[in-house]
1. What length, rounded to one decimal in nm, is gained on full extension from residue 343 through to residue 389, with 0.36 nm per residue of separation minus their alpha-carbon distance?
2. Could you run the Karplus curve 6.51 cos²θ - 1.76 cosθ + 1.60 with θ = phi - 60° over the range 585-594 and give me ³J(HN,Hα) per residue in whole Hz, x for Gly and Pro?
3. How far apart, in nm, are two points set 7 Å out from the Cα along the Cα-to-Cβ line at residue 665 and at residue 548?
4. What list of ³J(HN,Hα) values in whole Hz, one per residue of the range 537-546 in order, does the Karplus curve 6.51 cos²θ - 1.76 cosθ + 1.60 (θ = phi - 60°) give from phi, with Gly and Pro shown as x?
5. Taking only protein heavy atoms and a 1.4 Å probe, what accessible area per residue, in Å², does the range 298-434 have with all protein chains in place?
6. Please report, for the Cα atoms of the range 273-387, the Rg to one decimal and the Dmax as a whole number; what are they, in angstrom?
7. If you take all C-alpha pairs in the range 193-330, what percent of them are over 17 Å apart?
8. Gain in length, residue 495 to residue 326, computed as 0.36 nm per residue apart minus the alpha-carbon separation, to one decimal in nm?
Amino acid sequence: MPHELEEPAGTVTEATIPESFERVAAARPDEVAVVCGEGTLTYRELDAGANRLARVLAARGVGPESVAAVALPRTPDSVVAVLAVVKAGGAYLPVDPSYPAERVRFMLADSAACLVIADGATADRLPDPPVPVLRLDDPETAAALAAADPAPVRDADRRAPLSVRNTAYVIYTSGSTGHPKGVAVTHTGLAALVATQVERLGVAPGSRLLQFASPSFDASVWEWCTALLSGAALVLASRDALAPGPPLAATVAEHGVTHVLLPPPVLAALPEGSLPGVECLVVGGDASSAELVRGWVPGRRMINAYGPTETTVIASMSGPLAGDGRVPPIGRAVAGTRLHVLDTRLRPVPPGEDGELYVSGPGLARGYLGRSGLTASRFVASPFGGPGERMYRTGDVVTRTPGGDLEFRGRADDQVKIRGFRIELGEVEAALASHPAVAQAVVVVHRTSAGPRLAGYVLPRGAGGVREQREGEIDFTAAAVAADVRAHAARRLPDHMLPAAVTVLDRLPLTASGKVNRAALPEPVFARDVYRAPRTAEETVLAEAFAELLDADRVGVDDDFFALGGDSIQSIQVVTRARARGVQVSPAQVFEYRTVARLAAAAATHRRDGARAETGDDSGWTPLLPAAAWLLRRGPGFDRLLQARVLELPEGIDGAGLAATLRALLDRHEPLRSRLVWERAAGLRAGPPGAAPVLRRVGCDGRWGGEPW
């Protein structure tokens, strides 16, 4: 009896990322490849910059089957660096510098990265790994790049020939063994991925794709590959500019974004109708509801995408969604991928019945880096293919509709998704249990009106556990243990994996067979300090925003947003709600200050001083802003750039009055009286107020003349 599976959607010629990109760059050299703020890079400029850096990387040991980590902010330099790594033949490992130091250190060691590409700002936030760091803003690096050949990189320039079967990138994802695991993905499925996007999403030269996903997640691979391997433009923006709500909508509108991939929770945070210029909206990373689709499908093509990290980003896509009230399907296989719905004995199940989803085909990842046993347990032999063909066991339960589409039903194991992030509960439990005072830890998903949250339960070591609370006495012992265990876990886990609550128990409820009875665990106790009421207007606004988003009865000024269960997406929603009520804060400040009182103090300082949200060094030295650093590294000639504007002044203004006005402006704003210096890195040093001339008389021939006013 023939088994039911999805066949590849056509044949695509395999090619490495450098081959695919260079074909596009040669055909469209003067078209825009990257947009960042008001700056752009053409395909010619991007190709030349990546070729220069690739040669520098090859000289430092990057080549086929080596790993180079990229720890850079969202600037054109990050795109140049990723392209340079794959042009040199290596595999790039994206590293989020905001991750806990222990996690970054583990990723660098586990991947055996041969170097880290960073800049002055991100290098300072990295742990002290025994891995060389190539700082792009170092004068020696700048000199090496200027001297490097911008011509295409060929196998003769690499340490070994590059093949489609070499690793292209490594993405770390949550691991059930207690540590994150690195997924090694080859070039094999990337050409098919791009071909699918061009065909199904209408991506073409002239399209603009937003880089929304964090580089540490494989959705970012979809974004930059789809854009740069099809002749479209990739749009970059800062983290603040991508905050769900008005900032994200404004960024999309400002840069004319036509295609965007967003997780359903992010899309749900946007006002309906706020993305009028988006022609194609792709949702993925989490289950999407019929209500969400109904609100966003009018006037555009809307697609539901599905794909585990162990495939080349996307394994299936729906057709254009109709918004007809039905649960949106995850669709059918993309090119280079086959999907199998099987029972526990690896037999195909008929349409309408639930089964576990397996993925096979060229788009499958190679496996888990350095973990052959784990790879063998998840990448199993395929009974439906040729000799040596494998299937990846996704753990997702699906059903096939009579029309041939797949619908997601749930999970077959302990893996969960919280706001689009894939999390293995075992890794979170291991982080809690690594605390020296914890004998055993259990983590479950707690459903609340604000959405699913992780809740941890720990059993302390030693008899007696936590002392009991006597009548009239406030017991801080359990709260102190919970807070210490959570702080310990925060040094190992990124924010999206940190339990919103840690509850200390004297004993764990057990089933008759001796296993933990998760259904009998008590309601989680969310960590919070003694309540102190808001005292200022800023504190009141922020406390209300915290309470609304976290479904709390009340929030005090000392309460920690993340200890109460907040996450990165909700932190952005705090910013949106606070700004709507006149309190100016940034997402970075929510992460830095965390409590109502500290965040309100930062907002009050901003209001009093009119200062920008992120201030520079009090010594007068500040690091270059990303756009300025990128401009500096574009090569010779930056010093000849000049910005000029002709202003028409009202009648009656004399030179002395104008000079006094400009002097007050320069004295007030340090950047306007700063010069480029090389100190701890490339940066700006502001001169003292009153030092620089602000106005000189210009003769009719255009030459400077006379003394300053």
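The values are calculated or read from the model by the stated rules, or taken from the named source; none is laboratory data. Since this is a predicted model, take the numbers as computed values, not measurements. Please note: Cβ atoms are built from the backbone with ideal geometry, for glycine as well, and neighbour counts cover all protein chains shown. Side chains are part of the model used for accessible areas, which takes the heavy atoms of the whole protein and leaves out ligands, DNA and RNA. Shrake-Rupley method; radii C 1.70, N 1.55, O 1.52, S 1.80 Å.
1. 14.6 nm
2. Each residue of the range 585-594 in turn: 9, 10, x, 4, 5, 4, 5, 6, 9, 6 Hz.
3. Placing both labels 7 Å along Cα→Cβ, they lie 3.8 nm apart.
4. Along the range 537-546, the couplings run 5, 5, 5, 5, 4, 5, 4, 5, 5, 4 Hz.
5. 39 Å²
6. So, for the range 273-387, Rg and Dmax equal 16.8, 51 Å respectively.
7. When all Cα pairs of the range 193-330 are counted, 55 percent exceed 17 Å.
8. Working: separation 169, 0.36 × 169 = 60.84 nm, distance 3.34 nm.
Full-extension gain reported as 57.5 nm.
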